[in-house]
1. Report yes if Leu101 is within 26 Å of Leu184 (Cα to Cα) and either at pLDDT 95 or above or of a type in the set (Gly, Ala, Ser) (or both), otherwise no.
2. Between residues in the stretch 173-197 that are farther than 15 Å from His57 by Cβ and among the polar types (S, T, N, Q) and residues that are surrounded by fewer than 20 Cβ atoms within 10 Å (Cβ to Cβ) and at pLDDT 90 or above, which pairs lie under 7 Å by C-beta distance while being six or more apart or on different chains?
3. How about the stretch 310-336: which of its residues are at pLDDT below 80, more than 23 Å from Tyr248 (Cβ to Cβ) and not in a helix (DSSP H, G or I)?
4. Could you please give the count of residues in the stretch 43-70 that are among the polar types (S, T, N, Q), closer than 26 Å to Thr155 by Cα and either surrounded by 23 or more Cβ atoms within 10 Å (Cβ to Cβ) or within 18 Å of the chain's Cα centre (by Cα) (or both)?
5. Of all residues in the stretch 71-80, which are closer than 14 Å to Tyr185 by Cα, of a type outside the set (Val, Ile, Thr) and surrounded by fewer than 18 Cβ atoms within 10 Å (Cβ to Cβ)?
Amino acid sequence: MYPLPPSEQLPVHKLLACFNNTAATYKFYWLLSVLDQVEQGHTRIPKRALFAGMVSHAWYPVHYFHINFGTQDLLAQHAREIQKLEQISISDSRQEIWQALMDSKNPQTMAFLAHFNNNVPHWFLSPWFPGSSRAQIYVASQEAESGAPYAQDATSIEIQPLWAQYFTQHGALIRSFCYWRLALYLQAKNPNVPDIPNKLIKPAQRNSLSKQRSYWNLVFHQLKPINCIYTEAPLDVGEYAVEHFIPYNFVSHDLLWNLIPASPSFNSKKSDKLPPLELYFEPFYRLQKQSLEVMRQHHPAHPLLEDYYSIFPDLDSSINYENFLDRVKPLVSIAANNGFEFMHV
């Protein structure tokens, strides 16, 4: 187990126990939201601020990566419904999303946020009050000797001073612990989805594809002309986009076996859509095979050739049509099942 810093004055083991037998993501996102507020110096916190924090933390994995939260979890569903109601961009920062939810006067949005009051604030405290009902936890949490992290009423919580100090001092470690347990939980719900841990937080910026572009520039020098597999428009060095065949939002990597040159305008239009394999896999495969043959002949020591070994341990015998399709087709199917849409043609 990922350890949390011990305390002689606090029952930290009960904080760990909050995440035993979880059936939804609520408790993970509740604690992350509490940490946000405490780190800003707040100890008496409106529940709406915490519920808005839960949604804003879940926003990116729900909308950008289409992570499945499970059938019993309404956080993802509410996040999608709120996005439609409020017209909040999926690329907005967490603070912008939180502020939009705090400013909203839409009764449906407020009802979606208030839903979490039926489940989260009191049941999070179950390790301190085992076997107690919701009403009993409300009352017991207000007793200072309970040792619970916060007291609560209908509209707010009050962080106990020792817990506020603990959360402030060890916020980074607690947050890491929370994300670790959340990643384990979501990986079990998404067993075939790659790289769950890196899909929980919006990265500050995407990786540059300059190395991959340099690779394809070498291919262009040997293989011109190259046509876009989607539009058939001729491409040349400096006049193409490096395109993820299976969307980056799903694979979460920039390995060359999934990258091809494409028309810049079409690449922008395609966005995170899936390519229909019956139309585009054959030209995709043909271009990948040609590029590999060129690079292995003229630049056999190029370091990015290693990218292909992640799916083809033996390039000499493995990279044929059927083997490549066997690796790509399941990923496209899983992505589609997780909510990624196919591009319109």
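1. Values: within 26 Å of Leu184 (Cα to Cα): no; either at pLDDT 95 or above or of a type in the set (Gly, Ala, Ser) (or both): yes.
Spelling it out, it is not the case that Leu101 is within 26 Å of Leu184 (Cα to Cα) and either at pLDDT 95 or above or of a type in the set (Gly, Ala, Ser) (or both).
2. Hits for this filter: Asn190/Asn68; Asn192/Ile334.
3. Of everything in the stretch 310-336, those that are at pLDDT below 80, more than 23 Å from Tyr248 (Cβ to Cβ) and not in a helix (DSSP H, G or I) turn out to be Pro313, Asp314.
4. Counting residues in the stretch 43-70 that are among the polar types (S, T, N, Q), closer than 26 Å to Thr155 by Cα and either surrounded by 23 or more Cβ atoms within 10 Å (Cβ to Cβ) or within 18 Å of the chain's Cα centre (by Cα) (or both) gives 1.
5. To start, the set of residues in the stretch 71-80 that are closer than 14 Å to Tyr185 by Cα comprises 71-73.
If we keep only those that are of a type outside the set (Val, Ile, Thr) as well, we get 72-73.
Answer for the stretch 71-80, where residues must be closer than 14 Å to Tyr185 by Cα, of a type outside the set (Val, Ile, Thr) and surrounded by fewer than 18 Cβ atoms within 10 Å (Cβ to Cβ): just Gln72.
So that you can scan it fast, the table gives a plain yes or no per residue for (1) in a loop (DSSP other than H, G, I, E, B); (2) assigned by TED's automatic domain parsing to the domain that holds Leu304; (3) among the β-branched types (Val, Ile, Thr); (4) surrounded by 13 or more Cβ atoms within 10 Å (Cβ to Cβ):
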{"position": "Ala188", "(1), (2), (3), (4)": "no, no, no, no"}
{"position": "Val219", "(1), (2), (3), (4)": "no, yes, yes, yes"}
{"position": "Val237", "(1), (2), (3), (4)": "yes, yes, yes, yes"}
{"position": "His253", "(1), (2), (3), (4)": "yes, yes, no, yes"}
{"position": "Asn267", "(1), (2), (3), (4)": "no, yes, no, yes"}
{"position": "Asp272", "(1), (2), (3), (4)": "yes, yes, no, yes"}
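The values are calculated or read from the model by the stated rules, or taken from the named source; none is laboratory data. What you are looking at is a predicted structure, and each value in this text was computed from that prediction instead of being measured. Backbone-built Cβ (ideal geometry, glycine too); neighbour counts: all protein chains shown.
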